[in-house]
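What follows is a short report on a single structure.
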Amino acid sequence: MKGATLRKVVFLLVFLVLAGFAAREFLELRHFKETVIVSEAFTERRMLSDWLPNLKNTWGDTPVYFFDSGVPGATTLIIGGDHPYEPAGTIAAYVLMENLQITSGRVIVVPRSDMSASTQGIVGNGYPQFLHIPTSWGQQVYRIGDRETAPLDQWPDPFTYVHYPSGQNLAYQDIRNLNRAYPGRPNGTLTERMGYAIMELIRNEKVDLTIDFHEASLMYPVVDTYVAHQRAEELSFLAAMFSQAEMPMKTEVSPKNLHGLAHRELGDFSDTLAVLVETAEPFIDRVVGRVTEQLMIDGKDEFLQRAADKGLLYTSYDINNAQTIDNRVGRLLTSAYQLINVYNMMHPETPCGAMFPLYTDVMTNGTGYYLQNPAEVDPSRVFEN
Ligand SMILES: [Zn+2]
């Protein structure tokens, strides 16, 4: 074998060894199951494919948890994990599920609305696969996924994504973005089918209030904000006012001509009051330094601080008092609570009597305090998600 050929064979072998290590990590994330321990208020677990059977046995199917008080009242739907690389959304949904008490009406939770997107990272980006939340009994582990449905499950992307039914042209990769796929259609792409199934869940279960949990970069104007469908405008402005007691929130009204988003289509294609909530996530801004699990937990980044000093951010940022995971999980929880609270003031005859930990609780005790030990509870309340 000549020197040049030998060198090529050696490079090939080195490449295969490295690819083998990477493949093992990709498979680990793809098949990792999160643990959630539902509170005593839990009544039933269904699958999203109950509302659209062709989702069965696809990565678009996902668990739907019901907490029914048995007392007449309003139904609230909490959606987490629409964009899994905004993990506070799913973790807030889990904290709510593990601690929920309910005296009237129902709460339905879909903690991983785009299951597929949670099973791989963004192609070409380097960041951790998992987030470990410390608790008194050990660590609870969650996936950090992609923003969009995995290309493994929906591929290839077109040159332009034409949104159905508006016909609006959107960025090509948004064809895999659940928050651009509403209201969806029953025989569309996998992501459109997920969107349609969530719409069908809302329509069939007569969901009164839908709250979609998100996080945004600090250089994006819509941060620490409610984005409300027109019919939920007054509700959101009042909820933002009540939230001030714990933390500042802004309200924006959904643009009528921007299609596919939850705060637009959920309200237009069903009777629900649709509100999306954004926290500030110091992890997904392009200017940050090393994107590590530590950054996801403590939010400390010197480059974001420089951006803040130059007035480039849309929310306050202080590296010594940054947006920690506790801060963001708590913000989503209080945001949801105040929407339900104001809804109940406006509809005193049909309240949704839901109680769960709020911003001040999570900031005082930490997120892990509200995650139960699976070894110490009745196994019928422990689920893999
Ligand atoms: Zn998002």
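The values are calculated or read from the model by the stated rules, or taken from the named source; none is laboratory data. All values reported here derive from a predicted model rather than from experimental measurement. Cβ sites come from the backbone with ideal geometry, for glycine too, and all protein chains shown count toward neighbours.
What to note about this one:
- Residues (of a type in the set (S, T, N, Q) and touching a Leu at 6+ places or on another chain (Cβ under 6 Å)) located in segment 150-192: GLN154, ASN179, THR191
- Residues (β-branched (Val, Ile, Thr), under 21 Å from MET363 (Cα atoms) and away from the ligand (no atom under 13 Å from the Cβ)) located in segment 79-104: ILE91, VAL95
- Looking only at segment 124-143, residues that are at pLDDT below 95 and either hydroxyl-bearing (Ser, Thr, Tyr) or within 16 Å of the ligand (Cβ to nearest atom) (or both) come to 2 in all.
- The set of residues in segment 213-263 that are assigned to a helix (DSSP H, G or I) and crowded, with 21+ Cβ neighbours inside 10 Å comprises ALA232, LEU235, SER236, ALA239, ALA240, SER243, ALA262, HIS263.
- When GLN338 is tested against (1) assigned to a loop (DSSP other than H, G, I, E, B); (2) touching a Ser or Thr at 6+ places or on another chain (Cβ under 6 Å), exactly one condition is not met: (1).
- Residue list for segment 175-202, restricted to those being under 16 Å from LEU258 (Cα atoms) and either surrounded by fewer than 20 Cβ atoms within 10 Å (Cβ to Cβ) or β-branched (Val, Ile, Thr) (or both): ILE175
- As a summary of the residue check, TRP155 satisfies the conditions (1) buried (at least 21 other Cβ atoms within 10 Å of the Cβ); (2) more than 17 Å from GLY260 (Cβ to Cβ) except for the one numbered (1).
- Residue identified as out of contact with any helix residue (DSSP H, G or I) (no Cβ under 7 Å at 6 or more places or on another chain) and either away from the ligand (no atom under 16 Å from the Cβ) or over 15 Å from PHE269 (Cβ atoms) (or both) among GLU200, GLU215, GLU148: GLU200
- Of all residues in segment 93-133, those satisfying the criterion of being in a loop (DSSP other than H, G, I, E, B), under 17 Å from the mean Cα position of the chain (by Cα) and under 23 Å from ALA197 (Cβ atoms) are PRO111, ARG112, SER113, ASP114, MET115, GLN120.
- Only residues that are among the basic types (Lys, Arg), part of a loop (DSSP other than H, G, I, E, B) and more than 19 Å from PHE130 (Cα to Cα) were counted across segment 279-313, and they come to 2.
- Top-ranked residue of segment 49-78 - restricted to ones that are among the hydrophobic types (A, V, I, L, M, F, W, C) and within 16 Å of ASN385 (Cα to Cα), ranked as nearest to the ligand (Cβ to nearest atom): ILE78
- Among the residues of this structure, ASN187 does not count as one that is within 16 Å of GLY267 (Cα to Cα), among the polar types (S, T, N, Q) and modelled with pLDDT of 95 or more.
- Subset of segment 170-197 [within 14 Å of the ligand (Cβ to nearest atom) and in contact with a strand residue (DSSP E or B) (Cβ under 7 Å, 6 or more places away or on another chain)]: ASP174, ARG180
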